[in-house]
Amino acid sequence: MSSRQPADNGRPIPNALTIAGVDPSGGAGILADVKAMSALGAYGCAVIAALTAQNTQGVTGISPVPPAFVGQQIDTLFTDVRIDAVKIGMLGQRPVIEVVAEKLAKWTPAHVVLDPVMVAKSGDLLLENDAVGAMREAMLPQTTLLTPNLPEAGVLLEERPVETVKEMRRVAERLRNKLAHSGERWVLVKGGHLPGSETIDLLHDGDRMIELPGHRIDTPNTHGTGCTLSAALAALLPQIGDTPEAAKRAKAYLTEAIRHAERLSVGSGHGPVHHFHRWW
């Protein structure tokens, strides 16, 4: 008899992997990812792709992990553990991006959520300039769900960030065309940088263009929101099997995590969201 206990829906509890950097303050990176995955019913695994010296106010240093060791972590994990979804976050350098893309092509996980992390909430750069091309060339073809904010979308398309929902539609279409054409693949363009009180996200698969509405919450506690959303998607996709529904639930979870962030007292800069707001 299998030792795996089925989830409430009859499926086994999913194993979700984050491949990203470490934020010692716990608000972003793999620590935030594993919190979000755990809160949403997935077992979180992590491969460390970069180290940072970081707090809620900024990043004071970055130490890359040797690319070969990143690859060894991935191979060793996949050899033993069934991985149902992968979230990709901060990779930092071109050689690391290339080795992660190589391993994803080798192991072919069903869900690959790419959060193209480039800049921290503090404004510090987290992706080297020469790595952007590798992100486009090596990572996008492996991706099943791309989750850029507006500045990241601009960098990926080599154009200025857009400022209206109408322009976001064009961006979503262009980014979807950069993904592979086989299978079900989606782009979630996040509108948090739009002016005004609305935070409209657009979800596009090359055919459907779905608006995910939202309202801006007045709080400084938004550290790691992109990490949390993409990790939530990686946790939910294997359980739900429907990308639009998973995106709606992930956004609702993040919204409440932001809304309850004031319960926490972590640092004096951009504080973290409250991943476990449902429990404490």
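The values are calculated or read from the model by the stated rules, or taken from the named source; none is laboratory data. From a predicted model like this one, the values you see are computed outputs, not experimental measurements. Methodologically, a virtual Cβ is constructed for each residue, glycine included, from the backbone with ideal geometry; neighbour enumeration extends over all protein chains shown. Surface accessibility is based on the protein's heavy atoms, side chains included, excluding ligands, DNA and RNA. Shrake-Rupley method; radii C 1.70, N 1.55, O 1.52, S 1.80 Å.
Sites listed here are GluC sites (Glu not before Pro) in segment 128-177 whose DSSP assignment is loop and whose Cβ has at most 15 other Cβ atoms within 10 Å: GLU158, GLU159, GLU163. Protein heavy-atom accessible surface, 1.4 Å probe, per residue over segment 15-263: 40 Å².
The Rg/Rh ratio of segment 89-204, with Rg taken over Cα atoms and Rh as the Kirkwood radius over Cα pairs, comes to 0.96. With R₀ fixed at 25 Å, the C-beta to C-beta distance from THR219 to ASN129 puts the FRET efficiency at about 0.20. For segment 155-268, the fraction of C-alpha pairs more than 18 angstrom apart is 54%. Here the Karplus relation 6.51 cos²θ - 1.76 cosθ + 1.60, evaluated at θ = phi - 60°, turns the backbone of segment 86-93 into coupling constants of 10, 10, 9, x, 5, 10, x, 10 Hz, with x for every Gly and Pro. Amide H contacts of ALA46 (H built 1.01 Å from N, in plane; Pro and chain starts excluded): THR18 sit under 5 Å, all sequence-distant by 5 or more or on other chains. Evaluating 6.51 cos²θ - 1.76 cosθ + 1.60 at θ = phi - 60° for every residue in segment 20-29, the Karplus couplings come out as 6, x, 9, 10, x, 6, x, x, 9, x Hz, glycine and proline recorded as x. Carbon-plus-sulfur accessible fraction, the chain (probe radius 1.4 Å, protein heavy atoms only): 52%. Around the Cα centre of the chain, unit charges on the Cβ atoms of Lys, Arg, Asp and Glu (plus for the first two, minus for the last two) sum to a dipole of about 420 debye. Under the 0.36 nm per residue contour assumption, what length would be gained going from the current alpha-carbon distance of GLU262 and ARG208 to full extension? Here the answer is 15.8 nm.
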